[in-house]
Amino acid sequence: MNPGTAGDTLNGLPAFGSRPWVMGILNVTPDSFSDGGRWNSTDTAVAHGRLLVAEGADLVDVGGESTRPGAHRVTVADELARVVPVITALAAEGIRCSVDTTRAVVAEAAVRAGAVIINDVSGGLADPDMVTVAAETGVPWILMHWRGHSDRMQDLARYDDVTAEVTAELLRQADRAVTAGVDPAAIVLDPGLGFAKNGDHNLQLLRDLPHLADLGFPLLVGASRKRFIGELLADADGTPRPPAGREAATAALSVLVAQRGAWGVRVHEPRPSRDAFAAWEAVRERPAPPDAFPSPLRPDPSRQHPTTGVR
Ligand code: PMM
C-alpha cells in the first residue's frame, strides 16, 4: 500500500516514494461539488471508502463539511456525526484515513477514532485550537493555503503575484504551527487550488509547483475535477464540462504534479491517477541508451528534483 520505499518519513508515514500518495476523497456531505449527496449515510460512505482503496487509494480523506465556493457551515454535532462513525469503521478494517476538517474538536475525535492525518483546509487559521490538537496528537497535519471560509473566499482571490503570496502565507502558517509546538516533520503543505483562487491563479500555481515543492515540506495537490478543469474543457458555447467529465484531465495533472515534486494527490477517482502514475513510472525508470535522444531531449541529471529524485 505504500507508494514506494521511503527514505524520509512523515511521522511514520513514508514521505517520499517512487510516486505520490493517492488520497481518495470521501465527502460525507449532501452538497460537495462533485460527490455531494452520494455517500451521505455511514453505510454508503464506508462502502465507498472500501471502493476507493480497492481502486488504488493509499488513504481515504473523510470530510463532513462541504468547502465548495459559497457553502455554509455545518454544526459541530452534524460534522462529528458524519465523519466519526465512518473513520471508526474504515480504521477498524485497517484502512488509513485522514480527516478533512477545520475544527479542532472534530480533528481530535477523528484521531481518537483512528484517523492518521489531519487535513485542515484552513491550515490552522479557522480554529485557534487546531494547532494544539496537531501538536498533542503528533499526527501529520496538512496545512492548506486559505484566506477565508467558503461563503466569501472568492472575494479574497486577489493577488499581485499568486505564487509569491501563497508561498509567503503558507510559510507563515507553517511557522505558526512550529512555534506552537508542532513537529516540522509532521507538516504537509498544500497550495489550495480553488480556495480564494480563480482559474488563472490555479494554473499559475501548477506552473510554479517546483518552487512550492522546494520549500522543505511534502506537498499535497488537490486539483481533482475542480472548476478550473471544467473551464479548460468548456463547450464551444463556454459551458464548463461537468465534474464527471474532468477525470482524464485530472489524471494528466496528477502526473504533472508528480513530475514537479508533489508528495500526494487528492482525487475523487484513484484508478485513473494510479494508471497514469504506472505509465509514468514505467517510462521514467527505463534507462535511456546513451545518445538515443538528440541532445535537447536527453534527460539532464542536473535538473533532478533534490528531494524526490523526480525529473
Ligand atoms: N479541496 C477540497 C476539500 N479539501 N483538502 C486539501 N488538502 N486540498 C484540497 O485541494 C481540498 C481539500 C474541495 O474539493 P472537494 O469538495 O471535492 O472535496
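We did not get these values from a lab; they are worked out from the coordinates using the rules stated. Being a predicted model, the structure only gives us computed values, none of them experimental. Note: ideal-geometry Cβ built from the backbone for every residue, glycine included; neighbour counts use all protein chains shown.
Phi-derived couplings, Karplus 6.51 cos²θ - 1.76 cosθ + 1.60 at θ = phi - 60°, listed residue by residue for region 190-199: 8, x, x, 4, x, 9, 6, 8, 8, x Hz, with x used for Gly and Pro. Using θ = phi - 60° in the Karplus curve 6.51 cos²θ - 1.76 cosθ + 1.60, the 3J(HN,Hα) couplings for region 209-219 round to 4, x, 5, 5, 6, 8, 6, x, 10, x, 10 Hz; x is entered for Gly and Pro. Calculated from the alpha-carbon coordinates, region 21-283 shows an Rg and a Dmax of 17.1, 52 Å respectively. Karplus-based coupling profile of region 85-100, in residue order and whole Hz: x, 5, 5, 4, 5, 5, 4, 5, 8, x, 8, 6, 10, 10, 10, 9, with θ = phi - 60° in 6.51 cos²θ - 1.76 cosθ + 1.60 and x standing for Gly or Pro. For region 157-291, the fraction of C-alpha pairs farther apart than 20 angstrom is 52 percent.
Here, region 134-220 is characterised by an Rg to Rh ratio of 0.98, where Rg is the alpha-carbon radius of gyration and Rh the Kirkwood radius.
Summarising the amide proton neighbourhood of VAL221: residues at separation of 5 or more, or on other chains, whose placed amide H is nearer than 5 Å comprise GLY264, VAL265, ARG266. Each Lys or Arg adds one and each Asp or Glu takes one away; over the other residues whose Cβ falls under 12 Å from the Cβ of VAL133, this sums to -3. Binning the alpha carbon pair distances of region 45-173 at 10 angstrom intervals from zero yields the distribution 13, 40, 33, 13, 1, expressed in whole percent. Annotation: average projected area of region 52-93 is 3.7 square nanometres, based on the convex hull of Cα atoms across all directions.
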